[in-house]
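Engineer: Quick one: this structure, given as structure tokens, is what I'll be asking you about.
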Amino acid sequence: MTVINQVKNSEDLLAYINGWQPPTIDDAERVPTGDMPGDKVQIEAGHIQKANLIMPSLLERLAMTFSEGDHKRAVVTVHGGSGVGKSETGALLAFYLNELGIGTYVLSGDNYPYRIPMYNDAERQRVFRDGGVKGLVEADLMTKEVKETLFSLWSDETDPAPDMVARYPWLETYQTKGSEALNAYLGSPKEIDFDKINGIIAEFKDGKEALMLKRMGRTEDELWYDQVDFSNKQVLIIEWTHGNNQNLQGIDVPILLNSTPEETLAHRKSRNRDGKTDSAFTTMVLGLEQKKLMNQASDRVIIVTKDCHIIDYDQFRAMMGMGNLGIGPMLNAYPDSIGGTMAEIRCLMDNVAIDGSFESFYILPSIFNTDLDRGFSVIDYNINETYGSTTDFDALKNKGIDLKFDFILNHASVLSEQFQDIVKNGQQSVYADFFINWNKFWDGYGEMTEEGYIQPNPEYIEQMFFRKPGLPILNVRMPDGEEVPYWNTFYQEVRYSEVDPVTLTSTLNMQYSTATAICQMVNSQLATGIKPGDMDFGNYQDYKNVVVAYMESQRRYLGQMDLNIESPLVWEFYEDTLSKLAAYGAKIVRLDAFAYAPKMPGKKNFLNEPDTWDLLAKVKELADQYQLTLLPEIHASYAEGTHRQIAKQGFMTYDFFLPGLLIDAIERQTSSVLSRWMKEIIDENIKTVNMLGCHDGIPLLDLKGLLQDDEIQNLIDTVVGRGGYVKDLHGKKNIYYQVNATYYSALGEDDKKMLLARAVQMFTPGKPQVWYLDLFAGKNDHAAVEAAGPGGHKEINRTNIRLDEAMNKLNEPIVQEQLRLLKFRKESPAFNPKAEITIETPSDSNLIITWRYEGHEAKLEADFATLDYNIIEK
């Protein structure tokens, strides 16, 4: 047993690490190198300095790993761009560990692509060019002249060169689409045999004493396998560019040797392993690899700079120009909320009165290709051309405004490509398991009914929460007539088309007069909502079966189908979507309905534990690649503590408590509960996005545990008395979900109350989100609710505004004061994510909130009795 295994407490560990001294290297030949044939390893003073710097942190991490449970072995990766010294540093670390009696082997990840380097480089170029050509075709830019020019560029290998775009503007599309295709290939399972290397890691950790390892040199005759003795090895060091790739499993200590693409290219030139090291294509590959390395970094990685310093993740982000998410104000609106399009909203935001007020913009999901639920039933995440284009996103980014989008993890529209493929091809569809086949899911946990679906045994669904009466099933008719039930948590609608005599005559071989009579009978019943199988065919009963069968074969669906998170295709869809949102300019991605996604017989189908957290962790790995901050959206009472659980998992969370607490504080003239909640945010370091109003209602269920039930009821009575609507939780009494009202109307349409609420929000810890209708002091829209019909209560707070109306409102004092508060929050240096925030309550009705950062101070003095506030800046 080595010394490091015997370390039992942190003090002993610290003493051990502080006492460690690097051994003298008299002969570099003694240093074990990686196992890639022909790889050149030249250990220099800089490599030794870097390894010496890393060792104390590595020893600490290894000691922690060995002390956890039954861990006997650990896997370390040394990763980074080409030429950063991975081979040399990995070799030195292995040498040091072996000298300490910790048996270590160095494995080169470059042995595990599917193709030898020369063929893999050719495949990379093929993928790039294929993607570029497809992009030209899709954009209708592929002409004979373009083809001939492109062939010439291919011959010169200048097709990836950015400076060629000025001569050939169409080349921008080619390079963009080609780069996207290449990016999807680099470091992916298409390029690398991750199953093989993951198998080696698993066998190593399982204690296997001999492993068969692959050897791949630079030519075809340098490809074989060796059996390697691991009987005395405790540590496996993998030196490899992709050492922290999401597809790699079982890594205990990832070490990133950071460098810029320019530094990497300079080193490649000095080594000149492959030739053409400074080509446009190589430069592009290095840039894409650099972005992947940046995106794969996290707090768990030991990060070492080129000039030999260990830095934390925040320092790394700043060094690489990634920046941290700001906490400035965020506008929230539908793409058609103001003027009808994104272009109109941009026009408003360019107005001098509002320009500079917002750091971010949360665009609701009707900006995508959607069909129902005002955007929350997504067909695909392409831009809805009715409302906007990527040009709008680019214009916002050029103004320094980052974006927030929704990603619905639990479901997709039945009009999605995947579901429509099932409707077309039935169980032969490649997407047959993309959604949850109800009967497959419940096989062995219930009894098959006469209707063709499994009724789960009571003990397996007693904890399940269904949002509508009955089982959440939508029966889908396959092309062969089979009815297959799929899990459908949210909205569903089955539509039948009217029949006409010509179709029935030609399709079902009946007489025209008979077909005419049947059509009149059937269509009149269809108009009243009667389903085909329940219709009365009168004197034409003999034709019922064939007509009903025809109508069922033609039925169409609307709704949102639950995704099967056990399907690899769903995870490909997840990654593709996050990549697309990042390309649009997203910084924050709101995870809608995520808590419904993990399902298991006998467990809850809402916020399963630990399944929900496992899901979020996997999604976060994908999101980290694209520098996206995830914001899981979930409503739960304060007493349940779900907000704390989300925060402990490292995610931002919604402050669904602030809207109700502010109304309560204003109406009862007390800051006691509100201030207590703010202190909790600070003390427990909870990262929040807060709001007053939003596209949903004012949350009330969330307040249980913060306010007494009678206080919540008084709050409900007040808002309803001012014209709001109560929505309970799916028919359950006394479990209040939300009140639907504009925030201005909820406050009695009182300007002073609205401005006090906004001022407090601007000083509340977190990132403030501003509903567009609140900004313009919007009032309850009862006409919109009536026009929307049953279930249209949310339209009370979703009134679209004409652009000229919005422009005129910019002159109103209540709007101007809110914009002043927004600009102050955005511009004052005191509002920093690392600021010190203090909460004081000199009296029950008074609240003082102070932000301090690097000598700057911003203070709010609020009085809930007089509705006055004062802002002091130093």
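Engineer: With respect to ALA45, determine if the residue is open to solvent by 50 Å² or more (accessible area, probe 1.4 Å) and in contact with a Lys or Arg (Cβ under 9 Å, 6 or more places away or on another chain).
Structural biologist: no
Engineer: Could you grab me the full set of residues in segment 529-551 that are in contact (Cβ under 8 Å) with a residue 24 or more places away in the chain and either more than 21 Å from PRO501 (Cβ to Cβ) or crowded, with 17+ Cβ neighbours inside 10 Å (or both)?
Structural biologist: Matches in segment 529-551: LYS531, PRO532, TYR543, VAL547, MET551.
Engineer: Oh, and also: I'd like the full set of residues that are open to solvent by less than 70 Å² (accessible area, probe 1.4 Å) and without any contact (Cβ under 8 Å) to a residue 24 or more places away in the chain, limited to segment 421-453.
Structural biologist: Hits for segment 421-453 are ASP421, SER429, ALA432, GLY444, GLY446, THR449.
Engineer: Do we have TYR853 as out of contact with any Gly (no Cβ under 6 Å at 6 or more places or on another chain) and either among the polar types (S, T, N, Q) or farther than 23 Å from ASP751 by Cβ (or both) here?
Structural biologist: yes
Engineer: So, in segment 50-67, how many residues would count as being within 16 Å of ILE102 (Cα to Cα) and basic (Lys, Arg)?
Structural biologist: Within segment 50-67, residues that are within 16 Å of ILE102 (Cα to Cα) and basic (Lys, Arg) number 1.
Engineer: Restricting segment 200-215 to residues that are hydrophobic (A, V, I, L, M, F, W, C) and not in a strand (DSSP E or B), which is farthest from the chain's Cα centre (by Cα)?
Structural biologist: For segment 200-215, the residue satisfying everything is PHE204.
Engineer: So TRP677 clears everything in (1) among the aromatic types (Phe, Trp, Tyr); (2) open to solvent by less than 10 Å² (accessible area, probe 1.4 Å); (3) outside any helix (DSSP H, G or I) except one condition, right? Which one?
Structural biologist: Here TRP677 meets the rest and fails (3).
Engineer: Of the numbered conditions (1) open to solvent by 10 Å² or more (accessible area, probe 1.4 Å); (2) among the acidic types (Asp, Glu); (3) part of a helix (DSSP H, G or I), ASP696 fails exactly one; give the number of that condition.
Structural biologist: (3)
Engineer: Still on this structure: Being without any contact (Cβ under 8 Å) to a residue 60 or more places away in the chain and among the hydrophobic types (A, V, I, L, M, F, W, C) is the filter here, so list the residues in segment 195-228 that pass it.
Structural biologist: ALA202, ALA210, LEU211, MET212, TRP224
Engineer: Do any residues in segment 749-767 that are touching a residue at least 60 places away in the same chain (Cβ under 8 Å) have Cβ atoms under 9 Å from those of residues that are basic (Lys, Arg) and open to solvent by 30 Å² or more (accessible area, probe 1.4 Å), where the two are at least six apart or on different chains, and which pairs are they?
Structural biologist: Partner pairs satisfying both residue conditions: PHE763/LYS859; PRO765/LYS687; GLY766/LYS687; LYS767/LYS687.
Engineer: Here is a check on your reading of the model: is ALA757 open to solvent by less than 70 Å² (accessible area, probe 1.4 Å), outside any strand (DSSP E or B) and at positive phi?
Structural biologist: no
Engineer: Something else now. Could you check ASP406 against (1) acidic (Asp, Glu); (2) open to solvent by less than 10 Å² (accessible area, probe 1.4 Å); (3) modelled with pLDDT under 95 and say which number it fails?
Structural biologist: (3)
Engineer: Checking the condition within 21 Å of ALA181 (Cβ to Cβ), of a type outside the set (Ser, Thr, Tyr) and under 30 Å from the mean Cα position of the chain (by Cα), which residue from VAL133, VAL75 passes?
Structural biologist: VAL133
Engineer: Quickly run through segment 359-385 and pick out the residues that are of a type in the set (Phe, Trp, Tyr) and touching a residue at least 60 places away in the same chain (Cβ under 8 Å).
Structural biologist: Within segment 359-385, TYR362, PHE376, TYR381 qualify.
Engineer: For segment 563-593, how many residues meet the condition of being within 17 Å of MET464 (Cβ to Cβ) and either assigned to a helix (DSSP H, G or I) or of a type in the set (Val, Ile, Thr) (or both)?
Structural biologist: Of the residues in segment 563-593, 1 are within 17 Å of MET464 (Cβ to Cβ) and either assigned to a helix (DSSP H, G or I) or of a type in the set (Val, Ile, Thr) (or both).
Engineer: Could you grab me the full set of residues in segment 638-652 that are open to solvent by less than 10 Å² (accessible area, probe 1.4 Å) and either among the aromatic types (Phe, Trp, Tyr) or outside any helix (DSSP H, G or I) (or both)?
Structural biologist: GLY641
Engineer: Can I ask one more? Collect the residues in segment 269-304 that are of a type in the set (Lys, Arg) and either modelled with pLDDT under 70 or under 20 Å from GLY187 (Cα atoms) (or both), keeping them in residue-number order.
Structural biologist: Passing the criteria: LYS269, ARG271, ARG273, LYS276, LYS291, LYS292.
Engineer: Which number in (1) open to solvent by 20 Å² or more (accessible area, probe 1.4 Å); (2) over 28 Å from GLY446 (Cα atoms) marks the one condition that PHE656 misses?
Structural biologist: So the condition that PHE656 fails would be (1).
Engineer: Only one residue in GLY199, GLY217 is farther than 30 Å from GLU572 by Cβ and open to solvent by less than 40 Å² (accessible area, probe 1.4 Å). Which one?
Structural biologist: Step by step, each of GLY199, GLY217 is checked, and only GLY217 is farther than 30 Å from GLU572 by Cβ and open to solvent by less than 40 Å² (accessible area, probe 1.4 Å).
Engineer: Would you point out which residue out of SER377, SER360 is at pLDDT 90 or above, over 19 Å from ASN332 (Cβ atoms) and among the hydroxyl-bearing types (Ser, Thr, Tyr)?
Structural biologist: Criteria check complete, one pass: SER377.
Engineer: Moving on to the next point. Does segment 500-511 include one or more residues that are touching a Gly at 6+ places or on another chain (Cβ under 8 Å) and surrounded by fewer than 18 Cβ atoms within 10 Å (Cβ to Cβ)?
Structural biologist: Within segment 500-511, not a single residue is touching a Gly at 6+ places or on another chain (Cβ under 8 Å) and surrounded by fewer than 18 Cβ atoms within 10 Å (Cβ to Cβ).
Engineer: Out of all the residues in segment 144-191, which are open to solvent by 70 Å² or more (accessible area, probe 1.4 Å) and of a type in the set (Ser, Thr, Tyr)?
Structural biologist: Residue satisfying the conditions is SER155 alone.
Engineer: Look at segment 61-99 and say how many of its residues are open to solvent by 50 Å² or more (accessible area, probe 1.4 Å), in a loop (DSSP other than H, G, I, E, B) and of a type in the set (A, V, I, L, M).
Structural biologist: Residues meeting the conditions: 0.
Engineer: Do we find that ASP140 is modelled with pLDDT under 95, out of contact with any strand residue (DSSP E or B) (no Cβ under 9 Å at 6 or more places or on another chain) and in a loop (DSSP other than H, G, I, E, B) in this structure?
Structural biologist: yes
Engineer: Here is a follow-up. Find the residue count for segment 857-874, including only residues that are in contact (Cβ under 8 Å) with a residue 24 or more places away in the chain and acidic (Asp, Glu).
Structural biologist: Adding up the residues that qualify gives 3.
Engineer: Residues being in contact (Cβ under 8 Å) with a residue 60 or more places away in the chain and either among the charged types (D, E, K, R) or surrounded by fewer than 19 Cβ atoms within 10 Å (Cβ to Cβ) (or both): count how many of those fall in segment 326-353.
Structural biologist: Within segment 326-353, residues that are in contact (Cβ under 8 Å) with a residue 60 or more places away in the chain and either among the charged types (D, E, K, R) or surrounded by fewer than 19 Cβ atoms within 10 Å (Cβ to Cβ) (or both) number 7.
Engineer: Just one of GLY356, GLY400, GLY388 is touching a residue at least 60 places away in the same chain (Cβ under 8 Å), in a loop (DSSP other than H, G, I, E, B) and not hydrophobic (A, V, I, L, M, F, W, C); which is it?
Structural biologist: GLY356
Engineer: Quick one: in segment 278-301, which of the residues that are outside any helix (DSSP H, G or I) and over 23 Å from THR629 (Cβ atoms) is least open to solvent (accessible area, probe 1.4 Å)?
Structural biologist: Checked segment 278-301; the qualifying residue least open to solvent (accessible area, probe 1.4 Å) is SER279.
Engineer: Answer with yes or no whether TYR381 is surrounded by 19 or more Cβ atoms within 10 Å (Cβ to Cβ) and in a strand (DSSP E or B).
Structural biologist: The answer is yes for TYR381.
Engineer: What residue, among those in segment 841-856 that are open to solvent by 60 Å² or more (accessible area, probe 1.4 Å) and without any contact (Cβ under 8 Å) to a residue 12 or more places away in the chain, is nearest to ASP683 (Cα to Cα)?
Structural biologist: The extreme case among them is PRO842.
The values are calculated or read from the model by the stated rules, or taken from the named source; none is laboratory data. If you're wondering where the values come from, they're calculated on a predicted model, not measured in any experiment. Don't worry about glycine lacking a Cβ; one is built from the backbone with ideal geometry, like all the others, and counts go over all protein chains shown. For the accessible areas, the whole protein counts, side chains as well, though only heavy atoms, and no ligand, DNA or RNA atoms are used. Shrake-Rupley method; radii C 1.70, N 1.55, O 1.52, S 1.80 Å.
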